[in-house]
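Since the structure comes first, as structure tokens, the remarks are kept for the end.
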Amino acid sequence: MNTTNKNLKAICLFCGSSPGVDPAFKLAAAALGTTFAQNNIRLIYGGGHVGLMGVAADACLAAGGEVVGVIPKKLMEKEVGHTGLTQMHVVGTMHERKALMTELCDGFIALPGGYGTLDELFEALTWQQLAYHLLPVGIFNVSGFFDHLMRFLDHARDERLLRDAHRDSLIVDTELASLLARMRNFVPPNNEKWLDRAAKENIV
């Protein structure tokens, strides 16, 4: 599994399998795909052809970029898999999907989405917190979609259920160029001391 890489040669995208209501979501997904292609960033994602996932993948491919999908066999059989990707990995389970996407990428970005997007986002953050990887995790906060989530995370921090360093490790930006620049300069939190102390206090 990757540990840390500031080159950002490949970024894993989490986003909705639906387009959502706000037209800005699709515009942002298309802009992200195009920007990845223009900057030689390989797009790693869940392999679907629908929703914001499909928009981002199609835009990246149209601009000459590389797109790698990772999709469980069950979803591929239901014909939601994209058939025009640079490469498609068909795996057995959702757990395998997330593990492989992590191995293939140098960082993560979330666009608007639902349960699946949040599941993937928080697993990436949890694995970073536990030092299973030291990769940057970012949110492209289109039209303030994630504002309420950020307030919840602030609340969790204020209630001392989330450490300051781990709250601050999530990179949030409303501009893609700025988000990518901040991800390239990401310095992972020092988790070793926290994990050692947590183990001694029996809180892990």
*Within the range 51-70, count every residue that is surrounded by 20 or more Cβ atoms within 10 Å (Cβ to Cβ), of a type in the set (A, V, I, L, M) and touching a helix residue (DSSP H, G or I) at 6+ places or on another chain (Cβ under 7 Å).*
8
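This table checks each residue for (1) among the basic types (Lys, Arg); (2) within 23 Å of LEU135 (Cβ to Cβ); (3) touching a strand residue (DSSP E or B) at 6+ places or on another chain (Cβ under 8 Å).
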| residue | (1), (2), (3) |
| --- | --- |
| GLY20 | no, no, no |
| LEU52 | no, yes, no |
| ALA56 | no, yes, yes |
| GLY65 | no, yes, yes |
| VAL68 | no, yes, yes |
| PRO72 | no, yes, yes |
*Could you check how many residues of the range 143-162 are more than 22 Å from GLY20 (Cα to Cα) and in contact (Cβ under 8 Å) with a residue 12 or more places away in the chain?*
2
*Taking the condition charged (D, E, K, R), more than 21 Å from MET183 (Cβ to Cβ) and touching a Phe, Trp or Tyr at 6+ places or on another chain (Cβ under 8 Å), does ASP58 pass?*
no
*asked:* Can you find a residue that is under 24 Å from ALA10 (Cα atoms), out of contact with any helix residue (DSSP H, G or I) (no Cβ under 8 Å at 6 or more places or on another chain), at pLDDT below 95 and exposed (fewer than 12 other Cβ atoms within 10 Å of the Cβ) anywhere in the range 186-201?
replied: yes
*Out of all the residues in the range 163-174, which are over 30 Å from LEU27 (Cβ atoms) and either in contact (Cβ under 8 Å) with a residue 40 or more places away in the chain or crowded, with 17+ Cβ neighbours inside 10 Å (or both)?*
HIS166
*If a residue has to be modelled with pLDDT of 95 or more and part of a loop (DSSP other than H, G, I, E, B) to count, how many in the range 134-152 make the cut?*
5
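The values are calculated or read from the model by the stated rules, or taken from the named source; none is laboratory data. The model shown is predicted, which means the values in this text are computed figures rather than measured ones. FYI the Cβ positions are ideal-geometry reconstructions off the backbone, even for glycines, and counts take in every protein chain you see.
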